[in-house]
Amino acid sequence: MEKTLKKIFPSFLSSTLNSYSQIFFSNDKIFASILVLVSFFDLNAGISGLMAVMASNAAAYLIGFNRNNIIAGYYGFNSLLVGLGLGIYYQMSPIFLMVLLFAAIFTLFITIMLEGVIGKYGLPYLSISFLLGIWMVTLASRQFSELTISEKGIYMSNEIYSIGGYFFVGIYNWFNNLNLHESVVIYFRSLGAIFFQYHLFAGVLIAIGLLIYSRIAFLLSLVGFFGAYLFYKIVGGNLYELSYAYIGFNYILTSIAIGGFFIVPSRFSFLWVIFLIPLISITITSTIAIFDMFQLSIFSLPFNFIVLMFLYIMKFRERFYHNPEIVSYQQFSPEKNLYFQLNNKERFNNFKYIPVALPFWGEWKVTQGHYGDITHRDKWAHAWDFEIIDDEGLSFKEGGTVLKDYFCYNKPVIAPADGWVEEVLDGVEDNDIGDSNLEQNWGNTIILKIGEKVYCKMSHLKPNSFKVKKGDTVKKGDILAACGNSGRSPIPHIHFQMQETPYIGSETLNYPIGNYVQHLEKGFEFKSYDKPRITDMVSNIEKDQTLYKAYHFVPGQVLKFSVSGGQPGTAVIVKWEVQTDIYNNSYLYCKETNSKAWFKNDGSIHYFTLFEGDRSSVLFYFFLGNYKVISGFYKGMTVKDVFPIHVLNKKAWILLQDFIAPFYMFMKSEYRIEYVKIKKDFTDSKIELNSTARVKRYGKTTREVHFKMEIEAKSIQMFEITEGNKTIVAKRITD
């Protein structure tokens, strides 16, 4: 039977479990299992809910809807809620099962429709299809005389006994006999009411599952509900609204959705949760008054209305985009949403900029930077002048009295980014040394458009040296012209600036250089999205082909290593394949451990972005050790980065951090790689890199893992992992 199901409908179990956990915006299997158990506290409801899920998911698969959405539970959870609601209300019978089947498929159709209608605005459909489905079926079923209203719930102890015997009855009675505060009782019953289970035990189990799934979500459920309880007490509101069918769950679901799922958890998201409590109260009171006329429950209507309204109006903000911040990549966990967003902000915050390179080859000196004391002033302050100097600090040879004496004169000026030629000014003669042309201030100039309202300008170029014309498309690194001495330029140099408009003479734009290397007296320093300062010696990253090829992973490529050191005298073979998803995102995949290490490579830098799977696998340690690698070799240079804090820390500490993460982070995970040595020959290089992954709590290092990589023949030949006294060595196998 199981094999047949897998053949007809792959991922049957995952799609079913996810349909339960999606009600709480989760894909956690443990939480889902608890929710399945809770749904069967009322046997009719449990059976009806499960049948509705199976019918909805099977129909979605057979009709041909998106398989990933089916597996994620997106198409099943609304039908599940309809099934639970109908199963509680009606007696089980063949007629009921027929109505249930069509109700589930009807709800699926509404879900698909809403996905298209609401989805085009970038909004979730939440449980709107459940509301429409159950309201319409409830109204219609009043005319179905063969359906019988259920009498369950009258003798609850008997029903609990039929499920779990005296043990469950004892637990149920023990909870009911607890002398708990009214607010606590309503909180637990409201949690249970989400699954149409109104007794305390169900709510306690769901609370435990919620805590297992997410500490932040659990905290938000408390803030939302007890904030509402306090609000009713302060304003003298009718607490009956919280206990009426325990629809206080609207506060709980809204708090989780706004506080940590659709919005990145932070003090701002928590403040918005508190602010929205009165709005939910107004919505509950007003909608109850309307729906009572039709003898219908409002169910989750206030939750849907408030969440959709809030997410929609957030799209119209013109500033303060991070207070609160909308989740950009959904991790189905408030903690992961927060940690992923914090990590991305620190690692990739500058990706809002186009990665502009320096407009030359080789090593040049900044002879005038931003806010320079010569010409870079006022509206034109954000610019650079570059020259080439020798070991003695001179920019010329011999007497420096003629143009050709200057090292930078006639050197190529290259495109700092992909774009097209917006403007070219040529024909201005070079000045004699010491002279300046104040009438044609900028001299020979080229302007490239590299993005919307982003232009780069290079001036003082050599006349008649242009290799491109206006309207041409160029790629980063293409030769544009040559360095000259035209315009207001007493000695040869390149003037380089960014600007918002395409005109010669436009004011400058404060914009960083993407990635470059600063040459120090002793060693090198990698700079990312920084602004070179006066006297800095800088160059673009010069690729080492061996290093570049070693980390240039191509889809279909297989990496195979022999790993020793885990058990004395034994070696295992690990094999990873380079794959891509439907969105062209690349990752290394280990079939044996079902692990994925996602990565990007822009030609100059390889960096891993995300790991999924077994954190004891060799692939995980490869991910750690090669987290960020620059494709150029500069002896002694170090490159630093940060990991998401949950990647390396122990679970107990992560659990503690989870509770306070929206307000304070006391842990940090750091990465550092050093370029140790290189041995070059005519066709290849032998390179050694050392890296470290480090965990810090309150600024004190609590864990370190060291890595060593040996690269030769354009591939990673050896990868060594050392933590404490344990060392594991992985050696490349070539077929």
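Ordered by packing density, taken as the mean number of other Cβ atoms within 10 Å over each peptide's residues, highest first, how do 379-385, 104-110 rank?
Packing proxy ranking, top to bottom: 104-110, 379-385.
Multiply the residue separation of ASN464 and TRP361 by 0.36 nm, subtract the distance between their alpha-carbon atoms, and state the gained length in nm to one decimal.
Full extension from ASN464 to TRP361 adds 35.1 nm.
Using R₀ = 35 Å, calculate the FRET efficiency as 1/(1 + (r/R₀)^6) where r is the Cβ-Cβ separation of VAL235 and ILE30; round to 0.05.
0.35
If you build the convex hull over the alpha carbons only and average its shadow over all orientations, what do you get for the range 545-732? Give it in nm² to one decimal.
For the range 545-732, averaging the hull's shadow over all directions gives 12.2 nm².
Against the longest alpha carbon principal axis of the chain, how many degrees, from 0 to 90 and to the nearest 10, is the axis of helix 651-660 turned?
Helix 651-660 sits at roughly 90 degrees to that axis.
Please compute the length gained on full extension between ASN594 and LEU43, using 0.36 nm multiplied by the number of residues separating them and subtracting their Cα-Cα distance.
Separation in residues times 0.36 nm, less the Cα-Cα distance, equals 194.7 nm.
Among 452-465, 485-498, how do they line up by average Cβ neighbours within 10 Å per residue, starting with the highest?
Ranked by mean Cβ neighbours within 10 Å, highest first: 485-498, 452-465.
Kindly rank 663-675, 315-327 from highest to lowest mean number of other beta carbons found within 10 Å of each residue.
Order by mean packing, descending: 663-675, 315-327.
Angle check, please: helix 156-176 long axis (alpha carbons) against the longest principal axis of the chain (alpha carbons), in degrees 0 to 90, nearest 10.
In the chain, helix 156-176 runs at an angle near 70 degrees to the longest axis.
Given Cβ point charges of +1 (Lys, Arg) and -1 (Asp, Glu) and nothing else, what value in debye, to the nearest 20, does the dipole of the chain about its Cα centre take?
Value, rounded to 20: 1540 debye.
Residue by residue through the range 511-521, what is 3J(HN,Hα) from phi via Karplus (6.51 cos²θ - 1.76 cosθ + 1.60, θ = phi - 60°)? Round to whole Hz and write x for glycine and proline.
Result, rounded to whole Hz: 9, x, 7, x, 9, 8, 10, 9, 8, 9, 4.
Please report, for the Cα atoms of the range 364-535, the Rg to one decimal and the Dmax as a whole number; what are they, in angstrom?
15.3, 45
Once every Cα of the chain carries one equal point scatterer and solvent is ignored, give the base-10 log of I(q)/I(0) from the Debye formula at q = 0.11 Å⁻¹, two decimals.
Scattering profile of the chain, log10 relative to I(0): -1.18.
Using a Cα-Cα cut-off of under 19 Å, which lysines could be cross-linked to LYS120, ignoring same-chain neighbours fewer than 8 residues away?
LYS315
Taking amide H positions as placed in the peptide plane 1.01 Å from N, state which residues far from VAL474 in sequence (5 or more) or on other chains have amide H under 5 Å from it.
Those lying under 5 Å, H to H, from VAL474 are GLY419, TRP420, VAL421.
Rounded to the nearest Å, what's the spacing between the alpha carbon centres of the range 384-407 and the range 267-319? Just the number, please.
A separation of 69 Å, based on Cα centres.
With θ taken as phi - 60° and the coefficients 6.51, -1.76 and 1.60, list the Karplus ³J(HN,Hα) couplings across the range 391-397 in order, rounded to whole Hz; mark glycine and proline as x.
In residue order, the calculated couplings are 5, 8, x, 9, 9, 8, 10 Hz.
Hey, what angle do you get for helix 301-314 against the long axis of the chain, alpha-carbon based, 0 to 90 degrees rounded to 10?
The helix 301-314 is inclined about 10 degrees to the chain.
Among THR445, THR285, THR401, what is the fewest-to-most ranking by other Cβ atoms within 10 Å?
In increasing order of surrounding Cβ atoms, one gets THR401, THR285, THR445.
Convex hull over the Cα atoms of the range 53-134, averaged projected area in nm²?
Spelled out: convex hull of the Cα atoms, projected over all directions, averaged, 5.1 nm².
Can you sort PHE41, PHE261, PHE275 from fewest to most other Cβ atoms within 10 Å of each residue's own Cβ?
PHE275, PHE41, PHE261
Among the listed pairs LYS352/LYS449; LYS476/LYS543; LYS522/LYS668, give every one whose C-alpha distance is greater than 19 Å.
LYS522/LYS668
With 10 angstrom as the radius, rank SER586, SER129 by how many other C-beta atoms surround their C-beta, starting from the fewest.
SER586, SER129
How far apart, in nm, are the 7 Å Cα→Cβ label points at ASP472 and LYS379?
The answer from the label model is 3.0 nm.
Each reported figure results from applying straightforward, stated rules to the coordinates on display, with no laboratory input. Predicted, not measured: the structure shown is a model, and the values here were computed from it. Neighbour counts run over all protein chains shown; Cβ positions are idealised from the backbone, glycine included.
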